[in-house]
1. Given the conditions (1) over 20 Å from Ile329 (Cα atoms); (2) over 32 Å from the mean Cα position of the chain (by Cα), which single one is not true for Lys585?
2. Hey, among Leu454, Leu541, Leu489, Leu528, which residue is in contact (Cβ under 8 Å) with a residue 60 or more places away in the chain and either buried (at least 18 other Cβ atoms within 10 Å of the Cβ) or under 24 Å from the mean Cα position of the chain (by Cα) (or both)?
3. With the condition kept exactly as written, say whether any residue in region 542-553 is of a type in the set (Ser, Thr, Tyr) and touching a strand residue (DSSP E or B) at 6+ places or on another chain (Cβ under 9 Å).
4. Would you mind stating whether Lys125 is surrounded by 17 or more Cβ atoms within 10 Å (Cβ to Cβ) and either touching a Cys at 6+ places or on another chain (Cβ under 8 Å) or farther than 24 Å from Ile434 by Cα (or both)?
5. So which of Ala303, Ala317, Ala285, Ala228 is of a type in the set (Gly, Ala, Ser), touching a helix residue (DSSP H, G or I) at 6+ places or on another chain (Cβ under 6 Å) and outside the structural domain of His511 (by TED's automatic domain parsing)?
6. Report yes if some residue within region 95-108 is touching a helix residue (DSSP H, G or I) at 6+ places or on another chain (Cβ under 9 Å), of a type in the set (A, V, I, L, M, F, W, C), at pLDDT 95 or above and closer than 26 Å to Leu175 by Cα; otherwise report no.
7. Farther than 30 Å from Lys447 by Cα and modelled with pLDDT under 95: does that describe Leu583?
Amino acid sequence: MFQEVFQALQNNQFLEAESLLQEMLLASPENPDVLHLLGIVCGMQNRPDDALRFFEQALQLNPDNSALHFNTAKALSTLQRDVDALEHHQKALALDPDNPEIWLNYGRSLDNLRKREEALTCYEKAVVLQPQMAEGWFNKGKILGELRRYTEALQSYINAYQLRPTEPFLLGIILHYKMLICDWADLDGIYLKIQQDLHAHQLVVEPFGFQGISTSEQDLLESAKIFAKQRFPSRGKAAIQSAPKSKNEKIRIAYLCGEFRDQATSVLMTGVYESHDPEHFEIYALDNGWDDGGVLRPRMKKAFKEIIDISQMTDPAVVSLIEDLQIDILVNLNGYFGEGRQNIFASHPAPIQVNYLGFPGTLGAEYMDYLIADPIVIPADSRQYYKEKVAYMPNSYQANDSKRVIAAREFTRAELGLPESGFVYCCFNNNYKITPETFDSWMRILKAVAGSVLWLIQDNVPAEENLKAEALKRGISPDRIIFAQRLPLPEHLARHKMANLFLDTLPYNAHTTASDSLWAGVPVLTLLGNTFPGRVAASLLNAVGLAELVTHTPQAYEQRAIELARDPLALRGIQDRLVENRLTKPLFDTVLFTQDLEALYKKMVERYRANLAPEYIS
């Protein structure tokens with residue numbers, strides 16, 4: 001009979017194989033091999049609960065079987081029960097300590113539990129035991145990246161690519177990690193290969209990393225659609241067709257995010273949570289991250305009706321929770337960034353699902369109904385490149401917190417490593433946003449303005465070393481590139497006073513860092529891009545009344561940067577207007593922003609309750 005079972009499996013006839021095994025089980029109900037194989041067949045059919053039941057029965061009969069413990073652990077991990085899986089991984093390794101597959105999957109469970117150092121040890125053991133294991137190198141790269149050991153991560157990903165060049169999205173990850181450390185060798189060649197594969201509809205690049213270099217809205221849409229279909233396919237019918245209409249007196253909104261802590265998303269959004277109208281809205285936080293004990297968390301606890309920790313809940317449990325809460329609008333604050341839970345949205349548990357803020361662009365998924373934007377980041381003639389219907393804010397789409405604290409501390413140039421005199425250009429964007437083209441412009445600006453320096457954020461040491469080397473190649477002394485260590489946000493905002501002008505990046509602009517600079521009183525000079533991420537700074541500058549700092553060509557960008565350094569009176573005039581506009585223009589008016597956002601939410605709900613499909617709204 002076993003031979004017939006294996007033949008059925010070879011032909012992908014899973015139901016036939018299961019039927020044969022059930023017959024064998026009737027004849028021999030305490031045969032651990034039959035139970036084990038039944039569990040494997042159930043797993044092949046995406047039935048992890050059934051698989052686990054058979055594995056556990058088999059273990060009662062054969063507790064010293066390494067493969068049984070291994071498969072039990074895999075089923076538990078699939079069910080997001082990684083704490084329970086650890087015990088079975090450990091038992092499997094005690095019985096078979098040199099099995100690289102067990103070490104690999106043990107690492108995955110530890111990784112899922114955010115035990116990164118322990119996970120790294122497991123992956124390292126796996127690739128030592130089996131150096132040709134592409135998946136081991138890939139997972140090692142992932143953990144090293146999360147530990148911010150970017151150079152080692154890049155090498156691990158390259159090792160994986162050499163072993164398995166068809167690994168989904170791997171080439172795009174390699175590109176992103178090269179950009180993280182500003183290693184620009186063969187960047188153009190890799191980008192060209194990614195474009196070619198993308199146009200052939202290959203699984204080549206993840207949308208988040210691609211935003212850092214792509215200048216094509218069509219390409220960004222294509223990458224998002226491919227990624228959504230492969231990683232997060234739809235799991236349910238459109239809610240507008242299937243869900244009963246809620247009769248909530250108040251509109252119930254759930255913000256799902258992995259960053260309800262002192263992180264950029266919450267830096268921008270906390271004031272909005274506080275400003276929601278409690279008479280008409282009831283707001284929940286579905287937290288897939290952790291409480292960092294930071295200054296924003298107590299404010300958020302007061303603002304939300306409830307912060308619900310979903311980080312250890314299974315996807316079906318979270319879906320049931322959202323349905324039980326009768327949420328009207330489920331807001332995705334992560335998208336393809338950070339500690340998100342895109343699979344929750346794929347089940348469409350709420351009648352209205354909104355993509356906002358964390359990922360600046362389309363998610364390419366049919367189950368996302370709306371994308372909140374503004375007419376600058378998504379002009380009307382660009383709507384075709386966004387899968388969601390655009391909900392337009394009247395001013396900038398970006399939320400801002402008018403309670404953002406600037407420390408009273410007075411910095412000196414000397415303590416920050418800046419020269420006592422000379423013009424200070426700054427850019428506190430993450431280093432991966434710096435492209436060779438942007439850096440070329442910056443070096444030409446420094447060359448034209450004697451005594452000027454460029455002040456960047458110290459994201460990682462390899463990037464710092466590479467950027468200094470790139471400056472030298474362009475005839476600029478590395479001493480004129482100065483790196484600022486990361487500080488708590490209030491102190492970071494306070495030290496902005498030592499800068500004269502913030503120089504933006506393209507094709508991925510400053511987002512939170514731009515509003516940080518403007519809030520701190522430092523003007524931002526930007527170059528308008530062709531994509532959502534490349535138009536954000538223009539949106540912010542328009543909303544704060546400084547549209548003249550939006551340039552449209554690299555030449556105009558460079559010329560304006562040079563002119564403002566040479567004309568202190570003109571720069572002072574802009575700085576004075578910024579200080580005044582900060583308190584009078586819409587950008588930092590959190591209450592006005594929230595009212596505009598709530599108006600969009602109401603229109604979404606009105607359409608849904610009238611049985612109307614999502615549509616462009618403003």
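1. Answer for Lys585: the failing condition is (2).
2. Leu489 is the lone residue from the list that is in contact (Cβ under 8 Å) with a residue 60 or more places away in the chain and either buried (at least 18 other Cβ atoms within 10 Å of the Cβ) or under 24 Å from the mean Cα position of the chain (by Cα) (or both).
3. yes
4. yes
5. Ala303
6. yes
7. So Leu583 passes the test.
Conditions (1) in a loop (DSSP other than H, G, I, E, B); (2) closer than 30 Å to Ile102 by Cβ, marked per residue:
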position: Asn139; (1), (2): no, yes
position: Lys142; (1), (2): no, yes
position: Thr166; (1), (2): yes, yes
position: Asp188; (1), (2): no, no
position: Lys229; (1), (2): no, no
position: Pro233; (1), (2): yes, yes
position: Gly236; (1), (2): yes, no
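The values are calculated or read from the model by the stated rules, or taken from the named source; none is laboratory data. Only a predicted model underlies this, so the values are computations on that prediction, with no experimental measurement involved. Cβ: placed from backbone, ideal geometry, glycine included. Neighbour counts: every protein chain shown.
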